[in-house]
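The values are calculated or read from the model by the stated rules, or taken from the named source; none is laboratory data. Given the structure is predicted, the values throughout are model-derived calculations rather than measurements. Cβ coordinates were reconstructed from backbone atoms using ideal geometry, including for glycine residues, and neighbour counts include every protein chain displayed.
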Amino acid sequence: MEDTITVSSTAFEHHGTVPLQFSAYGENISPQVSWSGLPEGTVQLALVMDDPVAPTPQPFVHWVAYNIPADASGLPQALSKDAQVAGVAELAGMINGLNGIRQTGYFGPRPPVDGKLHAYHFRIYALDSALNLPEGLNKDTLLEAIDGHVLGTGMLMGHYQQTE
C-alpha cells in the first residue's frame, strides 16, 4: 500500500535527525507527531515506530500505540508511557502497547555506539472501524488485529546515530 497520509513532527524534518532529547541517551521522551490527509471513512488510528537497521531483533520496535481516535490531530511531545493514556482529551481510549523491551509507551532511539546511522520509521495506520483493542499488544499482534481494516498509511522517518 502506497503512503497517502502526511506524517510530520515539530521536532525534526522527514529524513532529518532525531534530537538527543528524544533518544534513550537523552530524556527518552516522545516527539510530537501529527498527521493530515486521512482517508475518508477513517474511524481509528494506530502508530508503530521501529528501527529496521537494528541488528537484533530486526526491526527493533520503539513504540506501539492504538485505539487513537480519528479526530485526534496528533500526539503531543512527552506523551505518557502508561498503557492507558490519560490527561489528553482528544486521545481518550488510546493505548500504548508493548515496545521491543516489553514496556508500554515510547522507547527512544538507542543504537549501539558504533557510529552507524539508524532510521526510525513512525508509521500511521488509518483504520475503517473502532477495533477497541485490549492492552498488551506488541507490533506483531497489532498488525494481525488491524489486518483487513487499513484504509491508508503514512510514514515519518528520522535518523539517529550514537558516536560516543
Q) Of all residues in segment 121-140 being crowded, with 16+ Cβ neighbours inside 10 Å and outside any loop (DSSP other than H, G, I, E, B), which is farthest from the chain's Cα centre (by Cα)? A) L127
(Q) Given the criteria farther than 21 Å from T4 by Cβ, in contact with an Asp or Glu (Cβ under 8 Å, 6 or more places away or on another chain), surrounded by fewer than 22 Cβ atoms within 10 Å (Cβ to Cβ) and among the hydroxyl-bearing types (S, T, Y), does T153 qualify? (A) no
**Q.** Yes/no for S34 being under 23 Å from S23 (Cβ atoms), of a type in the set (G, A, S), assigned to a loop (DSSP other than H, G, I, E, B) and touching a Gly at 6+ places or on another chain (Cβ under 9 Å)
**A.** no
**Q.** So G93, is it out of contact with any Gly (no Cβ under 7 Å at 6 or more places or on another chain), closer than 21 Å to Y160 by Cα and of a type in the set (G, A, S)
**A.** no
Q. Considering segment 76-98 alone, what residues qualify as being surrounded by 20 or more Cβ atoms within 10 Å (Cβ to Cβ) and in a loop (DSSP other than H, G, I, E, B)?
A. L79, V85, M94, G97
Q.
So I101 ticks every box in (1) surrounded by 13 or more Cβ atoms within 10 Å (Cβ to Cβ); (2) modelled with pLDDT of 95 or more; (3) aliphatic (A, V, I, L, M); (4) assigned to a loop (DSSP other than H, G, I, E, B) but one. Which box is left unticked?
A. (1)
Q.
more than 17 Å from G154 (Cα to Cα) and surrounded by fewer than 22 Cβ atoms within 10 Å (Cβ to Cβ): is that true of S73 in this structure?
A. no
Q. For segment 43-70, what are the residues that are crowded, with 20+ Cβ neighbours inside 10 Å, farther than 15 Å from M157 by Cα and not aliphatic (A, V, I, L, M)?
A. Q44, Y66, N67
Q: Quickly run through segment 13-57 and pick out the residues that are among the hydroxyl-bearing types (S, T, Y) and either without any contact (Cβ under 8 Å) to a residue 40 or more places away in the chain or in contact with a Pro (Cβ under 9 Å, 6 or more places away or on another chain) (or both).
A: S23, Y25, S30, S36, T56
